[in-house]
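The values are calculated or read from the model by the stated rules, or taken from the named source; none is laboratory data. What you see is a predicted model; the values in this text were computed from it and never measured. Note: ideal-geometry Cβ built from the backbone for every residue, glycine included; neighbour counts use all protein chains shown.
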Amino acid sequence: MEELLNILNEVCPGVDFTKETALIDDGILESLDIVTIVAEIMDVFDVELNVDDLLPENFNSAQAMLELIESRRQ
Amino acid sequence: MQIESYEALSACISRHLRRGVATNAFGAKEAYIKEIKEKALSVEEWDDGLLLFYQRSGYQRMQFYLQSLSLPEFGCFSQPTVTEIASREKDSALHQATAFWQSQGFSLLYERQRLTLAKQTPVASVESPLCVRLVGPEEAPAVAALMRRCFDRITGCLPAQWELCDDIEKENLLCAVAPSGEIAGLLHIGREGAGTQLRHIAVAENFRRQGGAQNLLAAYLQHTQHARSVVWVRPDNEAGRQLYLNNGYQPDGWRSAVLYRP
């Protein structure tokens with residue numbers, strides 16, 4: 001989780017990513033941020049994500065992103 | 001190369017989702033599938049980039065994924081091309097991309113500013129002779145004609161006919177109707193996750209100053225359960241800006257550059 005939080009804080013400083021659960025729905029993260037986050041996640045976690053993964057529900061919380069990463073690791 | 005399936009497009013885009021990519025393409029799967037079905041989507045791809053072209057009547061819209069600011073030799077600009085690049089102050093890669101496209105023959109037509117209305121912000125309607133309601137399927141031609149009168153054919157982000165019909169079916173179009181039955185105004189809604197975008201709002205010139213725009217806005221927010229709303233507005237659209245600001249919209253730091261290559 002710590003590596004993911006580092007990525008998120010780099011992309012969007014000043015947000016408590018451990019608590020937010022509506023990052024997309026509330027407009028805290030935008031489409032452009034998601035593309036950046038996906039690219040960083042693939043690099044740091046060495047997983048393959050694709051355009052089908054760019055769904056709001058996968059990025060509404062740090063936990064959801066972590067679950068996405070875990071699902072791609074399996 | 002024309003794209004024949006979503007799977008082919010997905011594979012293309014996925015190859016370019018890499019660290020450092022500059023892009024203005026954030027389409028949803030459903031929207032891509034519709035463009036493919038209409039045979040409106042083609043791509044140019046090379047190692048460091050991908051261009052997506054959406055065919056429209058007499059011009060094409062372009063989106064891009066660029067790893068480096070360079071283009072191979074190809075002939076994909078044989079017709080007028082428009083692209084819009086949205087960014088915040090911190091998105092330096094996109095500012096560089098804007099400058100890059102200008103060096104490739106694109107001209108900056110204008111910039112737009114994004115305004116956001118927080119969810120659950122109340123907006124009041126006013127007394128008006130115009131009645132606001134959802135657009136019916138049979139009214140598509142009248143709505144399209146009003147859009148063409150009020151917005152630029154190339155830079156007005158006008159929906160294709162199939163897109164307009166689709167949006168009517170999904171209850172994404174409201175109209176203001178005069179007592180005579182004439183469509184006096186329209187409001188076009190875009191859905192973005194839990195939020196919405198006000199894509200177009202227009203009142204025909206002979207029906208202005210009758211509360212139509214205010215009531216379209218109020219009806220739109222009610223129709224979308226007062227979800228968070230965003231709208232892009234040109235700095236010179238003073239009437240539009242005042243409508244939005246008076247109803248609680250605020251600049252949110254996003255700006256866009258609309259670029260055009262004849």
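Restricting attention to segment B:180-196, the residues that are in contact with a Leu (Cβ under 7 Å, 6 or more places away or on another chain) and either of a type in the set (Gly, Ala, Ser) or modelled with pLDDT under 95 (or both) total 2. The residue that is farthest from B:THR155 (Cα to Cα), among those in segment B:26-56 that are out of contact with any helix residue (DSSP H, G or I) (no Cβ under 7 Å at 6 or more places or on another chain), part of a strand (DSSP E or B) and aliphatic (A, V, I, L, M), is B:LEU51.
So which strands (runs of 3 or more DSSP E) are wholly in segment B:166-238 and hold at least 2 residues that are over 12 Å from B:VAL132 (Cβ atoms)?
B:183-192, B:195-203, B:229-233
For segment A:24-73, residues that are in a helix (DSSP H, G or I), buried (at least 16 other Cβ atoms within 10 Å of the Cβ), free of Cβ contacts under 8 Å to residues at least 40 places away in the same chain and not small (Gly, Ala, Ser) total 16. Within segment B:104-132, restricting attention to residues that are within 14 Å of another protein chain (Cβ to nearest Cβ) and touching a helix residue (DSSP H, G or I) at 6+ places or on another chain (Cβ under 9 Å), the residue that is surrounded by the fewest Cβ atoms within 10 Å (Cβ to Cβ) is B:THR121.
Candidates are the residues of segment B:150-179 that are within 17 Å of the chain's Cα centre (by Cα) and over 14 Å from B:ARG199 (Cα atoms); the one that is surrounded by the fewest Cβ atoms within 10 Å (Cβ to Cβ) is B:LYS170. Residues in segment B:72-89 that are within 14 Å of chain A (Cβ to nearest Cβ) and among the small types (Gly, Ala, Ser): B:ALA86, B:SER87. Considering the conditions (1) more than 20 Å from A:GLY27 (Cβ to Cβ); (2) surrounded by fewer than 18 Cβ atoms within 10 Å (Cβ to Cβ); (3) of a type outside the set (A, V, I, L, M, F, W, C), B:PRO251 is excluded by exactly one of them, (1). Among the residues that make up segment B:21-34, is at least one of them within 12 Å of chain A (Cβ to nearest Cβ), more than 19 Å from the chain's Cα centre (by Cα) and more than 27 Å from B:ASP166 (Cβ to Cβ)? Yes, the conditions are met somewhere in segment B:21-34.
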